[in-house]
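Visitor: Structure in structure tokens, see below.
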Amino acid sequence: MSLPLSISGLTVRAGARALLTIEELALPACSLTCIRGPSGAGKTTALHALAGLLSGTGRLAWGDADLCRMSRMARTRFRGAQMGMVFQDFLLFEELTARENALISAVFRPDRAALSRRADALMERLGLSGLAQRRADRLSGGERQRVAVVRALAHDPAILLADEPTASLDRATADALIADLAALARAEGRSVVIASHDPQVWDAMDRVLTIRDGVLEAG
Amino acid sequence: MPAVWHDLSADAQDLAILAALLSPLLLLGWGICRGYALMPLLRSLFLRHLWTNLAFIALVAISVGLGVGLIAQERGLRTATARVAEKFDLVIAAPGDEIGMLMATVFLQPSDAPLLDGQMWQRVAEAAKGSARIAPLAYGDSWQGHTLIGSTAEFVTHLSGDLAEGTAFTAPSQAVVGAGVPLRVGQGFAPAHGSSPAAEADAHDDMTVRVVGRMRATGSPWDSAIILPVEGVWLAHGLGNGHADAEDPQVGPPFAPQYFPGTPAILVTTRDLPTAYALQSRFDGDDSMAFFPGAVLSRLHGLMGNLREIMSVMSVVTQVIVLAAVTTGLIVLSRLFSRRLALLQALGAPARMIFALIWSYAALLLGIGAVLGLAVAFGAVHLLSAMLSARTGLLIAADLGWAELHLVAACLALGLLVALIPALVALRRDVTEALRR
Ligand SMILES: Nc1ncnc2c1ncn2[C@@H]1O[C@H](COP(=O)(O)OP(=O)(O)OP(=O)(O)O)[C@@H](O)[C@H]1O
Ligand SMILES: [Mg+2]
């Protein structure tokens, strides 16, 4: 079950400074959205806000859940249940195998069997089956990024947030990853928000938002 | 409740104390970690800073091990010395230093002591007649570092019971050796004056003593002593044989007071305590000193007890310092791990899981350290025992007991409590900050 996003009058501050302002934004369920903008514009900040990692004032609601009115604990619970996240520099546990990394949220999720079934299926789909037992520090950049994607999707979240997922990949690998993400999202009915300054990514998305000096606008 | 407690066996009580020390924190740990499968993350944390982690474990193990080992050692030393002193009810000697006399007569530490004369011997012999047995303990000579004691055949029996080999001595030039003396029965040797290494140069060349028997092992310095008739010691020094007839081939009491050459100490063995106390008060005065080696030893142990307390406090302080160092180290290490902790939180890991991870990581290091500490203590105790035994001839059966287990459990409990600190610190870190780094 995918969730629509609706934002109005949202401000995220660091001290006195407004890091991010979003006047009005509505994204339908199952949409693929890209956030673009120059470096330092606030793309990462926006994703963190959408994930409920930063608290803001105003309204930021996934479905009925307004993150601005939830406690930190409730936001963490919501994130655990509904969201998957992919980071620019993978953040894998280098000492663990690809599969252990893909299954890392089994540490705190009770539905371990279902989780590992899904992770195995995803690894196969992303061409990682042969690498399941390889340690993360022996994987290539593209392989690591795909492991990070499996980790983000293993619990079948309704929302996927990805921060520059193609930044360190070559063109072909990047295109393949985006195609996979898009196909998976459409097949499984998931809302996807990707922060990227890669024009190829923009083309693969339903819509592109631009952020400039911390102000996010459509188009 | 107290009634129930007293009905328990000693082991059950000790076990209960152990459980009481550990269970609250284990229960707390279970509560913290419940529902999580932390193993892969713990493995990752452990491998990531493998050498630092191993160093922390070694630090904890060594500090716990040495502290516990020393305490166990001290107890072993106390029991061993008390066991040896049991054979020596009452010692009468010339007035002087009781502790020095105790060391010389019971533990055979070399010393020079003035002699008791024949009159004193006679008075003691008369007072003891019918109620106590007495034996001279004449030391001062040696053979290759083994103390020679002049005494009686009766004393040999008192010390060792049956002989392991051979017979009791019946002539001044015969000797019975301790279990650890490298002389065979039938072998002869030449005693030397004094007990210093230079003693060999001053040997009684004209005298050869033949070994006729060997005592059973007693686990005391007496195992490396050689006992011969007191007449043998006197004759070697050209002092006669202590009997009225200089040609008397007989050894042992009675001695003739006017021919008695003297002895530094007389051992009195009584059948009952009142006799012992009566003799002690009678001969503890201006002419002689009478003391109970057991009582002097308890005074020494009392002194050692103070030392033990100081040692315990020092070992606790050391352990607290090590704990503080390890905790600080763990805070730094978990900081190096903070991006991955933030990632887990971004993936929806609850705060309790982050807390559980860091706490169990710290608990694991401290726990392994404490268990290895027991092994270190075990090794330290046996090594120290062997070293002390070699040096003193005392058989020290020091071993780890419940008291040591309790101490380690208390350390561990404190460690588990302190491990909450790095866990709390890890919780307080800002997730987005950590993700940005
Ligand atoms: N906690 C904070 N306090 C103050 N300033 C912050 C904080 N977090 C981020 N910033 C600032 O906000 C701005 C936006 O940062 P952000 O990381 O969101 O940019 P970005 O668009 O993701 O850039 P890039 O493309 O380089 O990743 C930057 O100027 C950054 O320094
Ligand atoms: Mg960024």
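The values are calculated or read from the model by the stated rules, or taken from the named source; none is laboratory data. Since this is a predicted model, take the numbers as computed values, not measurements. Cβ sites come from the backbone with ideal geometry, for glycine too, and all protein chains shown count toward neighbours. Ligands, DNA and RNA are excluded from the accessible area calculation, which covers all protein heavy atoms including side chains. Shrake-Rupley method; radii C 1.70, N 1.55, O 1.52, S 1.80 Å.
Visitor: Expressed as an acute angle from 0 to 90° and rounded to the nearest 10, what is the orientation of the C-alpha long axis of helix A:141-153 relative to the principal long axis of chain A?
Guide: Around 70 degrees separate the two axes.
Visitor: Roughly how much of B:Val371 is accessible, in Å² to the nearest 10, using a 1.4 Å probe?
Guide: That residue has around 100 Å² of solvent-accessible surface.
Visitor: Further question on the same structure: Mind giving me the FRET efficiency for B:His237 and B:Leu273? R0 is 45 Å, r the Cβ-Cβ distance, nearest 0.05 is fine.
Guide: Calculated transfer efficiency: 0.75.
Visitor: Show the residues, 5+ positions off or on another chain, whose built amide H is closer than 5 Å to the amide H of A:Leu20.
Guide: A:Val12
Visitor: Additional query: Considering only DSSP beta bridges with both partners in chain B, what is the antiparallel share in %, to the nearest 5?
Guide: On the way: 28 of 36 bridges.
That works out to approximately 80 percent antiparallel.
Visitor: As a test of the formula, what do you get for chain B when each DSSP H run with n ≥ 4 contributes -39,500 (n - 2.57) and the sum is divided by the residue count, at 222 nm and rounded to the nearest 500 deg cm²/dmol? Walk me through the numbers before you get to the answer.
Guide: Working: 15 runs with 248 residues, N = 437.
Rounded to the nearest 500, the figure is -19000 deg cm²/dmol.
Visitor: Quick one: with all protein chains in place, what share of the accessible area of the protein assembly as shown is carbon or sulfur, to the nearest percent (1.4 Å probe)?
Guide: 60 percent
Visitor: Could you order B:Asp162, B:Asp112, A:Asp120, B:Asp223 so the one with the most accessible surface comes first? Probe is 1.4 Å.
Guide: B:Asp112, B:Asp162, A:Asp120, B:Asp223
Visitor: A further question follows. Using a Gaussian network model of chain A with C-alpha springs under 10 Å, which one of A:Arg77, A:Arg146, A:Arg190 is most mobile by mean-square fluctuation?
Guide: It is A:Arg77.
Visitor: Hydropathy first: keep DSSP H helices in chain B averaging at least -0.5 on Kyte-Doolittle, then drop any whose Cα extent along the axis falls short of 24 Å, and list what survives.
Guide: Helices meeting the criterion: B:10-33, B:50-85, B:293-336, B:351-392.
Visitor: How large is the accessible surface of B:Phe260 in square angstrom, using a 1.4 angstrom probe and rounding to the nearest 10?
Guide: So the heavy atoms of B:Phe260 present about 20 Å² to solvent.
Visitor: Ok, one more. What order do A:Ile194, B:Ile321, B:Ile421 take when sorted by accessible area (1.4 Å probe), most exposed first?
Guide: B:Ile321, B:Ile421, A:Ile194
Visitor: Helix-derived [θ] at 222 nm for chain A: sum -39500 (n - 2.57) over DSSP H runs of at least 4, divide by residue count, nearest 500?
Guide: Values: 7 runs with 75 residues, N = 219.
Mean residue ellipticity at 222 nm (helix-derived): -10500 deg cm²/dmol.
Visitor: Using unit Cβ charges (K, R positive; D, E negative) and no other charged atoms, how large, in debye to the nearest 20, is the dipole of chain B about its Cα centre?
Guide: I would put it at about 3600 debye.
Visitor: Hey, another quick one. For the protein assembly as shown, what does the accessible surface come to per residue with a 1.4 Å probe? Please give it in Å².
Guide: Values: 28840 Å² over 656 residues.
About 44 Å² of surface per residue is accessible.
Visitor: Here's another thing I want to ask about it. Based on Cβ point charges of +1 for Lys and Arg and -1 for Asp and Glu, what charge dipole magnitude is obtained for the range B:90-291 about its Cα centre, in debye rounded to the nearest 20?
Guide: Values: 9 positive and 22 negative charges, 130 e Å.
Approximately 620 debye in magnitude.
Visitor: Same structure again: Amide H to amide H under 5 Å from A:Ile194: which residues, 5+ apart in sequence or cross-chain, H placed 1.01 Å off N in plane?
Guide: A:Thr33, A:Cys34, A:Ile35, A:Ala162
Visitor: Provide the gained length on full extension for the span B:Arg133 to B:Ala20, in nm with one decimal, where the gain is 0.36 nm per separating residue minus the Cα-Cα distance.
Guide: Full extension of this stretch gives 35.5 nm more.
Visitor: In sequence order, what are the phi-derived ³J(HN,Hα) couplings for the range A:196-208 according to the Karplus relation 6.51 cos²θ - 1.76 cosθ + 1.60 with θ = phi - 60°, rounded to whole Hz, with x for glycine and proline?
Guide: Once θ is set to phi - 60°, the couplings for the range A:196-208 become 6, 10, 9, x, 4, 5, 3, 5, 7, 9, 6, 8, 10 Hz.
Visitor: A further question on this structure: Given H placed on each backbone N at 1.01 Å, which residues far from B:Ile149 in sequence or on other chains put an amide H within less than 5 Å of it?
Guide: Sorted by chain and number, the residues that satisfy this are B:Ile226, B:Ile227, B:Leu228.
Visitor: Which three lengths, in whole Å and largest first, does the protein assembly as shown cover when its Cα atoms are put on their principal axes?
Guide: Principal extents (Cα only, largest first): 132, 50, 43 Å.
Visitor: Identify, among A:Gly80, A:Ala174, A:Pro110, the residue whose Cα sits farthest towards the positive end of the charge dipole of the protein assembly as shown, taking +1 on the Cβ of Lys and Arg and -1 on the Cβ of Asp and Glu, with the dipole about the Cα centre.
Guide: The listed residue farthest towards the positive side: A:Ala174.
Visitor: Once you charge only the Cβ atoms, +1 for Lys and Arg and -1 for Asp and Glu, what is the size of the charge dipole of the range A:127-169 about its Cα centre, to the nearest 20 debye? Before the final figure, lay out the partial values.
Guide: On the way: 6 positive and 5 negative charges, 54 e Å.
The calculation lands at about 260 debye.
Visitor: Additional query: Classify the range B:1-133: rounded, prolate or oblate, from the alpha-carbon gyration tensor (a ≥ b ≥ c, eigenvalue square roots; a/c under 1.5 rounded; otherwise prolate if a/b is larger than b/c)?
Guide: The shape class here is oblate.
Visitor: Moving to a separate point now. Taking only the alpha carbons of chain B, what extent do you get along each of the three principal axes, in Å, biggest first?
Guide: 105, 52, 36
Visitor: On to the next question. In terms of solvent-accessible area of protein heavy atoms at a 1.4 angstrom probe, what is the ranking of B:Thr167, A:Thr210, highest value first?
Guide: Heavy-atom accessible area, descending, gives B:Thr167, A:Thr210.
Visitor: Now a separate question. A drop of at least 20 square angstrom in accessible area, chain alone versus all protein chains together, probe 1.4 Å. Which residues of the range A:94-111 meet that?
Guide: Going by heavy-atom accessible area, the residues of the range A:94-111 that drop by at least 20 Å² are A:Glu94, A:Glu95, A:Leu96, A:Glu100, A:Ile104, A:Val107, A:Phe108.
Visitor: May I pose another question? Provide the buried accessible surface between chains B and A in square angstrom, both chains summed, 1.4 Å probe, rounded to the nearest 100.
Guide: Buried area between the two chains comes out at roughly 2500 Å².
Visitor: Under the Karplus relation 6.51 cos²θ - 1.76 cosθ + 1.60, θ = phi - 60°, what is the ordered set of whole-Hz ³J(HN,Hα) values for the range B:215-226, x standing for Gly and Pro?
Guide: 7, 6, 5, 10, x, 10, x, 5, 5, 10, 9, 10
Visitor: Using a Gaussian network model of chain B with C-alpha springs under 10 Å, which one of B:Pro110, B:Pro249, B:Pro40 is most mobile by mean-square fluctuation?
Guide: Comparing B:Pro110, B:Pro249, B:Pro40 in a Gaussian network model of chain B, the most mobile one is B:Pro40.
Visitor: In terms of the ratio Rg/(2.2 N^0.38 Å) built on C-alpha atoms, what value belongs to chain A? Before the final figure, lay out each step's value.
Guide: Details: Rg = 16.8 Å, N = 219, 2.2 N^0.38 = 17.1 Å.
Ratio of Cα Rg to 2.2 N^0.38 Å: 0.98.
Visitor: Tell me whether the range A:81-206 comes out rounded, prolate or oblate; compute the Cα gyration tensor, take square roots of the eigenvalues as a ≥ b ≥ c, and use a/c under 1.5 as the rounded threshold.
Guide: Working: a/c = 1.77, a/b = 1.23, b/c = 1.44.
Oblate, because a/c is 1.5 or more while a/b does not exceed b/c.
Visitor: Label points 7 Å out from Cα along the Cβ direction at B:Asp399 and B:Ala58: separation in nm?
Guide: That separation, rounded to one decimal, is 3.1 nm.
Visitor: Still on this structure, please answer the following. Assuming a ≥ b ≥ c are the square roots of the Cα gyration tensor eigenvalues, decide whether the range A:1-68 counts as rounded (a/c under 1.5), prolate (otherwise, with a/b larger than b/c) or oblate.
Guide: Oblate is the answer for the range A:1-68, as a/c is 1.5 or above yet b/c matches or exceeds a/b.
Visitor: Please give the residues from the range B:34-49 for which the solvent-accessible area of heavy atoms, probe 1.4 Å, is smaller by at least 10 Å² with all protein chains in place than with the chain isolated.
Guide: B:Gly35, B:Tyr36, B:Ala37, B:Pro40, B:Leu41, B:Arg43, B:Ser44, B:Leu47, B:Arg48
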